[in-house]
1. Does V6 qualify as being buried (at least 16 other Cβ atoms within 10 Å of the Cβ) and in contact (Cβ under 8 Å) with a residue 60 or more places away in the chain?
2. If you scan segment 104-131, which residues turn out to be more than 16 Å from S86 (Cα to Cα), of a type in the set (V, I, T) and touching a residue at least 60 places away in the same chain (Cβ under 8 Å)?
3. Can you spot a residue in segment 293-308 that is among the basic types (K, R) and touching a helix residue (DSSP H, G or I) at 6+ places or on another chain (Cβ under 8 Å)?
4. Being touching a Pro at 6+ places or on another chain (Cβ under 8 Å) and either closer than 19 Å to F38 by Cβ or in a helix (DSSP H, G or I) (or both) narrows it down to one of A201, A158, A141, so name that one.
5. Quick one: would you say I70 is within 15 Å of the chain's Cα centre (by Cα) and either crowded, with 20+ Cβ neighbours inside 10 Å or on the phi > 0 side of the Ramachandran plot (or both)?
6. Name every residue in segment 183-201 that is more than 18 Å from N40 (Cβ to Cβ) and more than 11 Å from the chain's Cα centre (by Cα), in order of residue number.
7. Any chance segment 233-247 includes a residue that's polar (S, T, N, Q) and in contact with a Pro (Cβ under 7 Å, 6 or more places away or on another chain)?
8. In the set R230, R223, R250, R205, which member is touching a residue at least 12 places away in the same chain (Cβ under 8 Å), surrounded by 15 or more Cβ atoms within 10 Å (Cβ to Cβ), among the charged types (D, E, K, R) and over 25 Å from V151 (Cβ atoms)?
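The values are calculated or read from the model by the stated rules, or taken from the named source; none is laboratory data. Since the structure is predicted, the reported quantities are computational estimates derived from the model, not experimental observations. Neighbour counts run over all protein chains shown; Cβ positions are idealised from the backbone, glycine included.
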Amino acid sequence: MPVIPVCSPFLAGKELVYIAEAVSSGWISSSGKYVPEFENAFAEYCGVKHGIAVCNGTAALHLALVALGIGPGDEVIIPDFTMAASAFAVCHTGARPVFVDAEKATWNINAGLIEAKLTPRTKAIMPVHIFGNPCDMGRIAHIAARHGLAVLEDAAEAHGAGHGGKKAGSLGTIAAFSFFANKNVTTGEGGMVVTNDDALAEACRYYKNLCFPLTGPRTYLHRDIGFNYRMSNLHAALGLAQTEKADYYRELRIAHGLLYRELLHRIPGVILQKNQPDGENVYWMNGVCVQPEMCGRTRDELVAHLAANGVETRLFFNGMHRQPALRKYGCDCSGEYPASDFLADNGFYLPSGSGLAEKDIRMICALIRDFFRG
């Protein structure tokens, strides 16, 4: 049976043209014109001054944290309901991630619970725009300003999303993106740090390339310990072509998200992610939660039904407080996280790629409606 994949890359621009040019020029490593062109184009797309291209989204998060001066003994507030890379990046600095439960409606970090988790060791808040749905950035910015904290946006899933008229990536002190193959803008593997802060941008450029001096001759004398987080010219060529079509891909994802909501919102026991007021969701993934007590069926039964009919899905993240690796690292995994637990136990996402056909969305939704009627 043909399978509708959960998320395939969508390459509808000049990707082959630019990659072929990079290959023919011989510039296939981190030197070459496409790296700065991609950095500048994506920064402009986000509405910020600086873009620093790196090898993946986790590296982007780690680099941003290092630039902020986060290190051992520090704490960073993160959502409990997120991908593990958000927490791991904090751990790579020697700092400790501190978890905050999700909002029941938006599935993002519950801004109303953040201040209860602050301590004298807290140095930053890392909101994650879950599935492309922007967080309550106004409230988070207010909390950060009141307590003198940096705001690092984990925008890995939110290319082109917005809040209050501004794009994701421009809503905090600094931001990190992923360009993994399933993202709205992809380089296959890759990431980027974006910021308006000149000093933070300079620090990111310095640390991402083994702390070679940014100006002057290369003496191979290193004053600090840096990282090899460079992006290749080939990946950047792909990224530039994708950025040129970013608004088109964004429109496709939004259209898909709205159609899913039109077709699924009246099914008893099916919960969809609600948008943040003043936010513009780009529907990186279209998630569904199943309430067994309302419909008499479970998430896993629905997932099996869709798989039997050729529809690929993915389960939601497990909360950070459930992660054995983070418990082993020394994180405080105690406490109650009811919203995060509900999402992990009852949620999954549906096919959401930019190139998904409308007829496939309609078929998927018909399968879901038939499942609950049965």
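1. Details: buried (at least 16 other Cβ atoms within 10 Å of the Cβ): yes; in contact (Cβ under 8 Å) with a residue 60 or more places away in the chain: yes.
Yes: the conditions hold for V6.
2. T106
3. Just the residues of segment 293-308 that are among the basic types (K, R), to begin with: 297, 299.
Cutting the leftovers down to touching a helix residue (DSSP H, G or I) at 6+ places or on another chain (Cβ under 8 Å) gives us 297, 299.
Yes.
4. Numbers: A201 fails: touching a Pro at 6+ places or on another chain (Cβ under 8 Å); A141 fails: touching a Pro at 6+ places or on another chain (Cβ under 8 Å).
That would be A158, the only listed residue that is touching a Pro at 6+ places or on another chain (Cβ under 8 Å) and either closer than 19 Å to F38 by Cβ or in a helix (DSSP H, G or I) (or both).
5. On the way: within 15 Å of the chain's Cα centre (by Cα): no; either crowded, with 20+ Cβ neighbours inside 10 Å or on the phi > 0 side of the Ramachandran plot (or both): yes.
When the stated conditions are applied, I70 does not pass them.
6. Our first condition is that a residue be more than 18 Å from N40 (Cβ to Cβ); within segment 183-201, this holds for 183-184, 186, 188-189, 199.
Of everything in segment 183-201, those that are more than 18 Å from N40 (Cβ to Cβ) and more than 11 Å from the chain's Cα centre (by Cα) turn out to be T186, G188, E189, A199.
7. No, every residue in segment 233-247 fails to be polar (S, T, N, Q) and in contact with a Pro (Cβ under 7 Å, 6 or more places away or on another chain).
8. Numbers: R223 fails: surrounded by 15 or more Cβ atoms within 10 Å (Cβ to Cβ); R250 fails: over 25 Å from V151 (Cβ atoms); R205 fails: over 25 Å from V151 (Cβ atoms).
R230 is the lone residue from the list that is touching a residue at least 12 places away in the same chain (Cβ under 8 Å), surrounded by 15 or more Cβ atoms within 10 Å (Cβ to Cβ), among the charged types (D, E, K, R) and over 25 Å from V151 (Cβ atoms).
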